[in-house]
1. Take the residues in segment 103-121 that are within 14 Å of the chain's Cα centre (by Cα) and within 11 Å of Met10 (Cβ to Cβ); name whichever of them is modelled with the lowest pLDDT.
2. Taking the condition within 17 Å of Pro83 (Cβ to Cβ), surrounded by 13 or more Cβ atoms within 10 Å (Cβ to Cβ) and polar (S, T, N, Q), does Ser15 pass?
3. Do you know which residues across segment 136-166 are hydrophobic (A, V, I, L, M, F, W, C) and over 12 Å from Gly8 (Cβ atoms)?
4. When you go through (1) under 26 Å from Ala166 (Cβ atoms); (2) surrounded by 14 or more Cβ atoms within 10 Å (Cβ to Cβ); (3) out of contact with any helix residue (DSSP H, G or I) (no Cβ under 7 Å at 6 or more places or on another chain) one by one for Lys51, which number turns out not to apply?
5. Suppose the filter is of a type in the set (S, T, N, Q), away from the ligand (no atom under 14 Å from the Cβ), exposed (fewer than 14 other Cβ atoms within 10 Å of the Cβ) and modelled with pLDDT of 95 or more; does Ser93 pass it?
6. Condition first: away from the ligand (no atom under 15 Å from the Cβ) and surrounded by 13 or more Cβ atoms within 10 Å (Cβ to Cβ). Now tell me which residues in segment 100-120 satisfy that.
7. Which members of segment 142-163 meet the condition of being assigned to a helix (DSSP H, G or I) and surrounded by 14 or more Cβ atoms within 10 Å (Cβ to Cβ)?
8. Looking only at segment 54-74, filter to residues that are surrounded by fewer than 16 Cβ atoms within 10 Å (Cβ to Cβ) and among the hydroxyl-bearing types (Ser, Thr, Tyr); which one of those is nearest to Val97 (Cα to Cα)?
Amino acid sequence: MRKLLLCGYMGSGKSTVAKNLSQKLQMECLDLDHLIEQHAQMSVKEIFEKKGEVYFRKLEHQVFKETMNSPGSFVLALGGGTPAYANNHELLSGDDVTSFYLKASIDTLYQRLITEHEARPLIAGKSADEIKEIIAKHLFDRNFYYLQSNHVISIDQKSVEEITSAILQKLA
Ligand code: S3P
């Protein structure tokens, strides 16, 4: 059994890299946001709007724990906030677990998120300046939790292939 976890801020490429990595390793690819959506029968955006963030964080914790307790091997892309709530960071390492923090600069994240922020509940409806401020604050608050990962991969100016190769090198 082998569980590979990808964490990092929104826009750091967790889901795309997880797909590429899982194909290369011929492993199942899972995405925590999708698993939560299946469980709730609602999109993440709807969960935030209708039930609020606390409800989302509880569900995120429950689904993450259940997934980690399930047998089998997979690559799992976490949500951007997952490690920072409900002691989820404690699940970032363990016997069968290898975790990677896809680390990006505020500027990289801002450039990626500014074009698609309306789909993301934490930054929807915010101005460009506010978005930059939110990213900076979140990175500051979440840094400790992201750094509980086994490996840190800098992703600024790297392609999906380059990031995947960097992860494979760490696994070799
Ligand atoms: C969140 C990130 C999102 C999603 C939710 C909250 C966060 O996941 O879980 O909107 O707190 O940073 P992605 O990073 O996959 O967009």
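1. So in segment 103-121, the residues within 14 Å of the chain's Cα centre (by Cα) come out as 103-104, 109, 120.
Then drop every residue that is not within 11 Å of Met10 (Cβ to Cβ), which leaves 104, 109, 120.
Working: Ala104: 98, Leu109: 98, Arg120: 93.
In this case the residue turns out to be Arg120.
2. On the way: within 17 Å of Pro83 (Cβ to Cβ): yes; surrounded by 13 or more Cβ atoms within 10 Å (Cβ to Cβ): yes; polar (S, T, N, Q): yes.
Against the criterion (within 17 Å of Pro83 (Cβ to Cβ), surrounded by 13 or more Cβ atoms within 10 Å (Cβ to Cβ) and polar (S, T, N, Q)), Ser15 qualifies.
3. First pass over segment 136-166, keeping only residues hydrophobic (A, V, I, L, M, F, W, C): 136, 139-140, 144, 147, 152-153, 155, 160, 163, 166.
Hits for segment 136-166 are Ala136, Phe140, Phe144, Val160, Ala166.
4. (1)
5. Working: of a type in the set (S, T, N, Q): yes; away from the ligand (no atom under 14 Å from the Cβ): yes; exposed (fewer than 14 other Cβ atoms within 10 Å of the Cβ): yes; modelled with pLDDT of 95 or more: yes.
So Ser93 passes the test.
6. So in segment 100-120, the residues away from the ligand (no atom under 15 Å from the Cβ) come out as 105, 107, 111.
Result: Ser105, single match.
7. Keep residues of segment 142-163 that are assigned to a helix (DSSP H, G or I), which gives 142-146, 160-163.
If the condition is that a residue be assigned to a helix (DSSP H, G or I) and surrounded by 14 or more Cβ atoms within 10 Å (Cβ to Cβ), then Arg142, Tyr145, Tyr146, Val160, Ile163 are the ones that fit.
8. Here is the first cut: in segment 54-74, the residues surrounded by fewer than 16 Cβ atoms within 10 Å (Cβ to Cβ) are 54-55, 58, 62, 65-66, 69-73.
Then keep just the ones that are among the hydroxyl-bearing types (Ser, Thr, Tyr); that gives 55, 70, 73.
Numbers: Tyr55: 27, Ser70: 12, Ser73: 10 Å.
The residue in question is Ser73.
The values are calculated or read from the model by the stated rules, or taken from the named source; none is laboratory data. Only a predicted model underlies this, so the values are computations on that prediction, with no experimental measurement involved. FYI the Cβ positions are ideal-geometry reconstructions off the backbone, even for glycines, and counts take in every protein chain you see.
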